[in-house]
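J.: Here's a structure for you.
The values are calculated or read from the model by the stated rules, or taken from the named source; none is laboratory data. On a predicted model such as this, the values are computed, not experimentally measured, just so you know. Glycine also receives a Cβ, built like all others from the backbone with ideal geometry; neighbour counts cover every protein chain displayed. With ligands, DNA and RNA removed, areas are computed over all heavy atoms of the protein, side chains included. Shrake-Rupley method; radii C 1.70, N 1.55, O 1.52, S 1.80 Å.
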Amino acid sequence: MRILIISDLHIGRSARCLSLIPNVDRLGSDGKEDEAFLKNKTDQKYIERLKYLKDSKNITVDYLILSGDITDEAEIEQFQHFDEFIGEVQHIFNLDKDKILFTPGNHDVDWVMLNGVPAVDPSSTRFSSRYDSLKKSELLFQIHELADRDLFSSPYFCAWKKNEDLFVLSINTAAYDSPKVKEHCGEISSDTTDAINDYMSNHQMDEFSGLKVILMHHHPKLYENIFPNWKDFSAIQCPKDIISISRNLGFDFIIHGHRHQPGFDCTLTSSGEQIAIICCGSFSDEFPYYVYEELSNQIHFLNIEKRDSETGVIIGCLENYAFTLNQGWQPSEKRRDGIDHKICFGPNEHREPLKNKIIVFLQAILTEKGKCEVTEIYQYIPSLKYQTESLVLSILNEVCNENNYDMFGNNLDKSVILMGDKNASD
């Protein structure tokens, strides 16, 4: 199974290119402000370059996941423009609408509708109308109609079960967001978590053997800040640990948007169970100029191979592509884009046992041949391919430093380890 993940499109004036701004032909008629705005926007051929990526890499996709902030200001025209844009994405990847799943973000809440509401009041007419614009998206409305439960009324979650392949539980973490809220953090109430527990139990979802995903917009944990002045007050507020709840209910992944800094984390819960978290970055929001040296706009492909027979953990890899004005969609690089291109995942292993296995193998093969290709280590320890490249590289560097070995090569699959001078003379 391969899932295309797109997040934080911000269709509207915050989008980085003209093709993601509705009614752009009408801009410029309102004087100098629009002229200055248009001066810094170009077409950038987002769709053409996405099609080129698909064709050049021969990529096929089974599902599309959208993890919130579809629009920038929740205007009707922005949601209708989203329909047009995603219609082209559907055509490129040959996807029917029943293969698309979504969750709303805080930017998909109509703040104009809520301006007359003194506080978050679920009983007010304005509060209940805050998603009227979103429902004008024909595509999102139809996708939501295919779901069980309702994202837009309490307890603010819905579910899609796609045959025996995929189960997605979408939680509306922006349900209580409004212009009156000081920090636009996500919120999951105890009523929602209790209702989710009941839903999963009543539908016997513990017996479902396919991929199980929790989809939400806000991040369930705090991440490191690349820039010191980026203060993060927008992680999920929840009376219970949503990560542990997710894994206790048998979910394999949490996929979220909101945080425009892409990342992947495969973590153990307090009960010792494993869950992977994908932070999707932003597909097309325009970053401040100084950000682009360390972050880029992102698109992700989640490739699922199988479930490990011993641990029950999903095995596969996440492939990440970054957008640049000159080259279009290119394989991501950590130093430039904030995330590695390919991140493999599977059952977690402790660092020290892995290191000891590598030491034993290297000592034997270097004594015999004087050199070792890193690919040979992967063949000897097959579980290495499920670990992140940064972990493997860190262990190899440590082993080489401690044993006076030399490692050459820019990529692990093309690197070689040799005896150092001291070992050679001995």
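J.: When a/c reaches 1.5 or more, the comparison of a/b and b/c decides; with that in mind, is the stretch 303-418 rounded, prolate or oblate per its Cα gyration tensor?
T.: Oblate shape, in that a/c is at least 1.5 and b/c is the bigger or equal ratio.
J.: Which whole-number value in Å² is the accessible area per residue of the chain, probe 1.4 Å?
T.: Each residue of the chain exposes 47 Å² on average to a 1.4 Å probe.
J.: Below 8 Å, C-alpha to C-alpha, sequence gap of six or more: please give me the relative contact order for the chain in percent.
T.: Relative contact order of the chain: 13 percent.
J.: Continuing with this model, one more query. 5 Å is the cut-off here: which amide hydrogens, built 1.01 Å from N in the peptide plane, fall below it relative to T173, excluding neighbours closer than 5 in sequence?
T.: Amide H neighbours of T173, under 5 Å, 5+ apart: H217, H218.
J.: Just for the chain, what percent of DSSP beta bridges are antiparallel, to the closest 5?
T.: If we restrict to bridges inside the chain, about 65 percent are antiparallel.
J.: So what is the diffusion coefficient of the stretch 115-194 in µm² per second by Stokes-Einstein at 37 °C and 0.692 mPa s, using a Kirkwood Rh over Cα pairs?
T.: Rounded to a whole number, D works out at 234 µm²/s.
J.: Of all chymotrypsin sites (Phe, Trp or Tyr not before Pro) in the stretch 232-290, which ones are in loop regions per DSSP and have a Cβ with at most 11 other Cβ atoms within 10 Å?
T.: F233
J.: On to the next question. Using a simple charge model, +1 on the beta-carbon of Lys and Arg, -1 on the beta-carbon of Asp and Glu, nothing else, what dipole does the stretch 297-338 show about its Cα centre, in debye to the nearest 20?
T.: Here the size comes out at about 160 debye.
J.: Need one number: % antiparallel among DSSP beta bridges in the stretch 172-321, to the nearest 5.
T.: Bridges in the stretch 172-321 are about 60 percent antiparallel.
J.: I need the GluC sites (Glu not before Pro) found in the stretch 336-381, filtered to DSSP loop residues with at most 11 other beta carbons within 10 Å of theirs.
T.: The qualifying sites: there are none.
J.: If you keep only loop residues by DSSP, which trypsin sites (Lys or Arg not before Pro) in the stretch 115-214 have at most 13 other Cβ atoms within 10 Å of their Cβ?
T.: Passing both the DSSP loop test and the Cβ count: K180, K182.
J.: With a Förster radius of 30 Å, plug the Cβ-Cβ distance of T375 and N401 into 1/(1 + (r/R0)^6) and report the FRET value to the nearest 0.05.
T.: Computed FRET efficiency for T375 and N401: 0.90.
J.: Moving on to the next point. Simple spin-label model, 7 Å along Cα-to-Cβ: E293 to E138 in nm?
T.: If labels sit at E293 and E138, their model points lie 4.7 nm apart.
J.: Placing unit charges on C-beta atoms (Lys and Arg positive, Asp and Glu negative, everything else neutral), compute the dipole magnitude of the stretch 65-172 about its Cα centre in debye, rounded to 20.
T.: With only Lys, Arg, Asp and Glu charged at Cβ, the dipole is about 360 debye.
J.: Let me ask you something else. For N197 paired with E368, estimate the spin-label separation in nm (one decimal), with each label point 7 Å from Cα along the Cα-to-Cβ line.
T.: So the label points at N197 and E368 sit 5.5 nm apart.
J.: How many nm is it between the label spots at E207 and L268, if each spot is 7 Å from the Cα in line with the beta carbon?
T.: Here the modelled spin labels are 3.2 nm apart.
J.: If each residue of separation counts as 0.36 nm, what is the full-extension length gain between D98 and L393 once their alpha-carbon separation is subtracted?
T.: That pair, D98 and L393, stretches by 102.1 nm at full extension.
J.: If you don't mind, there's one more thing I want to ask. For the chain, which whole-number percentage of the solvent-accessible area (1.4 Å probe, protein heavy atoms only) is attributable to carbon and sulfur atoms?
T.: C and S atoms contribute 46 percent here.
J.: What does the charge count near L50 come to, summing +1 for each Lys or Arg and -1 for each Asp or Glu among other residues with Cβ under 13 Å from its Cβ?
T.: +2
J.: Taking 60 Å as R0, compute the FRET efficiency from the Cβ-Cβ separation of D150 and I359 and round it to 0.05.
T.: Rounded to the nearest 0.05, the efficiency is 0.60.
J.: What is the calculated FRET efficiency for T42 to N303, with r their C-beta to C-beta distance and R₀ = 41 Å, to the nearest 0.05?
T.: The calculated FRET efficiency here is 0.80.
J.: Moving to a separate point now. Can you flag which of K136/K212; K51/K161; K51/K136; K54/K342; K57/K355 are past 23 Å Cα-Cα?
T.: Checking Cα-Cα distances, K136/K212; K51/K161; K51/K136; K57/K355 exceed 23 Å.
J.: Around I314, which amide H atoms from residues at least 5 apart in sequence, or from another chain, sit under 5 Å from its own amide H, with H modelled in the peptide plane?
T.: D308
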